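The values are calculated or read from the model by the stated rules, or taken from the named source; none is laboratory data. Just so we're clear, the structure is a prediction, and the values are computed from it rather than from any experiment. Here the Cβ positions follow ideal geometry from the backbone for every residue, glycine too, while neighbour counts run over all protein chains shown. The accessibility values were calculated without ligands, DNA or RNA, using every heavy atom of the protein model including side chains. Shrake-Rupley method; radii C 1.70, N 1.55, O 1.52, S 1.80 Å.
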Amino acid sequence: MPHRPTRRRFLQAAAAGTSAFFAWPLRAEDKKPSANERLHVGVIGVAGQGAYNWTEVDRAGAEIVALCDVDEGRAGPARGKFPKATFDVDFRDLLDRKGIDAVIVATPDHTHAVATVAALKSGRHVYCEKPLTHDVAEARAVAETAAREKKVTQMGTQIHNHPEGNYRRCVELIQGGAIGAVKEVHVWCGTSYGGAKRPTETEEVPKGLHWDLWLGTAPERPFYRGKKDDRGYCYEPFNWRKWWDFGGGGLTDMACHHVDLPFWALKLRHPTKVSAEGSPRPDPEAAADWLIVNYEFPARGDLPAVKLTWYDGGKRPPHFAQGQLPKWGDGSLFM
């Protein structure tokens, strides 16, 4: 893996139809690329995870030349860090600008696909935060567009790309046959975004927040911030994860990280059967307090069929209650 995100390497990768990550960690002996070689990056969604993204890209030697965020107040730190970068509140205006080689998409989930497809069609390479899209149809549209445009793309699962660490070692052990053929996997995470109820009150939209742009392609609804809890206000900047219009609860927020491990280690692709249970009963607007989701994957060559179960919201594999496992936190069990 190269260590410097240069424009030449990106163009070479795009021509070859390959994917690459442009936030490579710099080694102590590496020097930053020259001004002519630096990748010019635009960032859509510059606070929260977006701030982490542009920090790493800047550290790796790319040049942040354009910023976009629907909340002008939350964009303050990024604009202060990159005073020469242009700033827009509408990502379509950012994509109309010249001199941008690649784009980071770090918005709420419901905007990932529309921003990514637009960026690809504008001729830019794209790094999009997880989950890549809000639904399966969007994922297909993004994949088809990326293939057609032949641009360098990657989804943001940072732990997958780390050159060291537990995930990579676990994959090596499983694929090396250390525990034999794996036929069953349990993956659990305590995260829960349940209990959301649509507010009956409304509030005036704060100055600097462009609510219509924040809603994007989601159905229109009145703005309401409400009282702050430990994860943010009613919708933005964090609790949109509770609502189907914007996110998908704990499953779409955390399964990308945790389930990535068995997918990688066991070379899983598409399940042939999926079933789920949760509480409370299915809600047309909001995520459940907890989910248990069962996936069945077919055999892959010499690899046997696999049953994978996902748990969130405090649910855990029965092995804990049976005293078969230590008091671990979130994790994965291969059997």
Exercise. With a probe of 1.4 Å, find how much accessible area the chain has per residue, and write the answer as a whole number in Å².
Key: 52 Å²
Quiz item: Working from the pairwise distances between different alpha carbons, so that the mean of 1/r is found and then inverted, what is the chain's Kirkwood radius in Å?
Solution: 21.5 Å
Practice problem: Give the carbon-plus-sulfur fraction of the accessible surface of the chain in %, rounded to a whole number; probe 1.4 Å, heavy atoms of protein chains only. | Solution: 52 percent
Quiz prompt | DSSP bridge pairs, the chain: antiparallel proportion in percent, nearest 5 | solution = 50 percent
Quiz item: How do 264-273, 137-146 rank on mean C-beta neighbours within 10 Å, highest first?
Solution: 137-146, 264-273
Quiz item: Taking a threshold of 25 Å on the Cα-Cα distance, which of the pairs K84/K227; K81/K150; K183/K315; K150/K242 fall above it?
Solution: K84/K227; K81/K150; K150/K242
Self-check item: Distance from the stretch 280-335 to the stretch 110-143 (C-alpha centre basis), Å
Solution: 28 Å
Practice problem: Would you calculate a helix-derived [θ] at 222 nm for the chain, using -39,500 (n - 2.57) for each DSSP H run of n ≥ 4 and dividing by the full residue count, to the nearest 500? | Solution: -8000 deg cm²/dmol
Exercise. Compute, for L251, the solvent-accessible surface of its heavy atoms (probe 1.4 Å) with the complete set of protein chains present, and express it in square angstrom to the nearest 10.
Key: 40 Å²
